[in-house]
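Read through the structure below, which is laid out as structure tokens, and then see the notes.
Just so you know, all these numbers are worked out from the coordinates, no wet-lab data involved. Bear in mind the structure is a predicted one, so any value in this text is a computation, not a measurement. Glycine gets a Cβ as well: all are built from the backbone with ideal geometry, and neighbour counts include every protein chain shown.
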Ligand SMILES: C[S@@+](CC[C@H](N)C(=O)[O-])C[C@H]1O[C@@H](n2cnc3c(N)ncnc32)[C@H](O)[C@@H]1O
């Protein structure tokens, strides 16, 4: 039966059969690093060590960007959110150094990396109400599903309701990074953000949005887009 209290999610929740090692991680390791939404979120208790700021990545895909950022910035706490189970399993394999294949973007895998990552393995809209006002310092929304057809426009993540929540949870001066490779979504984001008084676009020249920021880590989806000849853009907005 449809649960009418849940927001409708249109993407994929699961893909190919998850291999034994990853299935084991989902069962045993995910509970250890999952965000506990039953308690009030506090910067003091969210991570097992002191952190200076909290960054949120929405739709982390295979988790390569999140894991690499978390490794580079051990004093920052990262909340990673992803609905797609296979993606969550892949992040867990990166966190435990059990990933197979190409993990070359991630240097020196270390067990300590788990210290500053907490995962919410569901729709971020279910998490919003648990996050206090101004709790987050930066939000990454990297290559959100573009839903390019006009009749699917209401499925696009960048919309007034979600922007209202992002504005609430971001601290003043906090950053919202949005990357996309889809022409329809590029224009859509610019329009939605232009209409949202809570954010200002930080770009001063076109190279600011044509090129990735200095601390950028390439994502799987970005690699795919570039390989297929599409040119990503990198929008950065500041919470006013
Ligand atoms: C096109 S993929 C991009 C993945 C990754 N950011 C990358 O660049 O490789 C978009 C991801 O966002 C996730 N997603 C979409 N809506 C979401 C939501 N409401 N909450 C959490 N994750 C979501 C999807 O499951 C999917 O993995």
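Comparing 213, 74, 146, which has the greatest mean-square fluctuation in the GNM of the chain with Cα pairs linked when under 10 Å apart? Highest fluctuation of the listed residues: 213. Taking packing as the residue-averaged number of other Cβ atoms within 10 angstrom, the listed peptides 81-93, 221-233, 36-48 run from highest to lowest as 81-93, 221-233, 36-48. The stretch between residue 191 and residue 204 holds 2.9 nm of extra length on full extension. This uses 0.36 nm per residue minus the Cα-Cα distance. On the beta carbon distance between residue 39 and residue 165, with R0 = 22 Å, the FRET formula returns roughly 0.65. The helix-based estimate of mean residue ellipticity at 222 nm for the chain, built from -39,500 (n - 2.57) per DSSP H run of four or more residues and divided by its residue count, is -7500 deg cm²/dmol to the nearest 500. Subtracting the Cα-Cα distance of residue 20 and residue 134 from their residue separation scaled by 0.36 nm leaves 37.1 nm.
Under 14 Å from a point 7 Å along the Cα-to-Cβ line of residue 216: which residues of region 163-181 have their amide N that close? Once the point is set 7 Å along Cα→Cβ of residue 216, 177-181 turn out to lie under 14 Å by backbone N, inside region 163-181. For a test of the definition: using alpha carbon positions, the gyration tensor, and the 1.5 limit on a/c, classify the chain as rounded, prolate or oblate. Since a/c stays below 1.5, the shape of the chain is classed as rounded.
Spin-label pair residue 6-residue 28: with each label point 7 Å from Cα along the Cα-Cβ axis, the two points sit 2.8 nm from one another.
Contact order, relative form, for the chain: 19 percent (alpha carbon pairs under 8 Å, 6 or more residues apart, mean separation divided by residue count). The order of 118, 125, going from fewest to most other C-beta atoms within 10 Å of their C-beta, is 125, 118.
Sorting the segments 53-62, 201-210 by their residues' average number of neighbouring beta-carbon atoms within 10 angstrom, most packed first, yields 53-62, 201-210. Fewest-first ordering of 26, 142 by other beta carbons within 10 Å of each residue's beta carbon gives 26, 142. Each part reduced to its alpha carbon centroid, region 23-68 and region 156-212 end up 24 Å apart.
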